[in-house]
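Novice: Have a look at the structure that comes next, please.
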Amino acid sequence: MIKIERIYNNPKGHDDGFRILVDRLWPRGLSKDKVRVDLWQKDIAPSNSLRKWFGHDEKKWNEFKQRYFKELDRKNELVDMILSKVKDESTSSTITLLYGTKEDRFNNAVALKEYLEEKAKEYHG
């Protein structure tokens, strides 16, 4: 199972399984020793140019996802690593994608979850 959560809402991450921060930038005001992040996967985040272009603008959401998915298509190794965590029994088969923005519907973690779930379906036939 893949969950998403704003890191500020639950910094200690109880019952979150394996927690992956999927932002390029570390969340402001949070020190690394005060939050539980199992992996900071900043390279899975959208490119700086795409992130700045999008700016969490709802009107650009569909195009943002298309462009981001194309970027993710070139990051097979990172995508496969996350998908392997979903299948890993030691992580309770749950991973939580963490993000920092206040925008909870139109952000890269939401798009990444959609992408990963689609890829997982492809792998399972």
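Novice: Using the C-alpha atoms of the chain, what convex hull volume per residue, in cubic angstrom, is computed?
Specialist: It is 102 Å³ per residue.
Novice: Could you sort out which of K12/K34; K42/K119; K32/K52 sit more than 18 Å apart by Cα distance in this structure?
Specialist: K42/K119; K32/K52
Novice: Next up: Could you rank L25, L30, L112 by how accessible they are, 1.4 Å probe, largest area first?
Specialist: L25, L30, L112
Novice: Turning to a different aspect of this structure: Looking at the chain as a GNM with Cα springs under 10 Å, which of E114, E71, E63 has the largest mean-square fluctuation?
Specialist: Result for the chain, Cα springs under 10 Å: E63 fluctuates most.
Novice: A further question on this structure: On average, how much accessible surface per residue is there in the chain, in Å², for a 1.4 Å probe, leaving out ligands, DNA and RNA?
Specialist: It amounts to 58 Å² per residue over the chain.
Novice: Separate question: Excluding I2 itself, what net charge comes from residues whose Cβ is under 10 Å from its Cβ, given Lys and Arg +1 and Asp and Glu -1? Kindly include the intermediate steps, with their values, before the conclusion.
Specialist: On the way: positive: K3, K85, K113; negative: E114, E117.
Net charge in that neighbourhood comes out at +1.
Novice: In the P(r) worked out for segment 24-87, what percent of Cα pairs fall beyond 13 Å? All intermediate terms of the calculation are to be shown ahead of the outcome.
Specialist: Details: 1421 of 2016 pairs.
Here the tail beyond 13 Å accounts for 70 percent of pairs.
Novice: Right, another one. Grab the DSSP H runs of the chain that are 4 residues or longer, score each as -39,500 (n - 2.57), total them, divide by all residues and round the 222 nm result to the nearest 500 deg cm²/dmol.
Specialist: Numbers: 4 runs with 48 residues, N = 125.
Value at 222 nm, helices only, nearest 500: -12000 deg cm²/dmol.
Novice: Note down the relative contact order for segment 1-94 as a percent, whole number, built from C-alpha pairs under 8 angstrom at least six residues apart. If you can, show how the numbers build up before the last one.
Specialist: On the way: 78 pairs, mean separation 29.7, N = 94.
Relative contact order, segment 1-94: 32 percent.
Novice: Right, another one. Roughly how many whole Å is it from the C-alpha centroid of segment 47-66 to that of segment 10-45?
Specialist: For segment 47-66 versus segment 10-45, the Cα centre distance is 22 Å.
Novice: Please build a GNM for the chain, connecting alpha carbons under 10 Å apart, and tell me which residue among K65, K75, K52 fluctuates the most.
Specialist: K52
The values are calculated or read from the model by the stated rules, or taken from the named source; none is laboratory data. It should be emphasised that the depicted structure is a prediction, and the values quoted were computed from it without experimental measurement. Because the Cβ atoms are built from the backbone with ideal geometry, glycine has one as well, and the counts that use them run over all protein chains shown. Ligands, DNA and RNA are stripped out before the accessible areas are found, and what is left, the full protein with its side chains, is counted by its heavy atoms. Shrake-Rupley method; radii C 1.70, N 1.55, O 1.52, S 1.80 Å.
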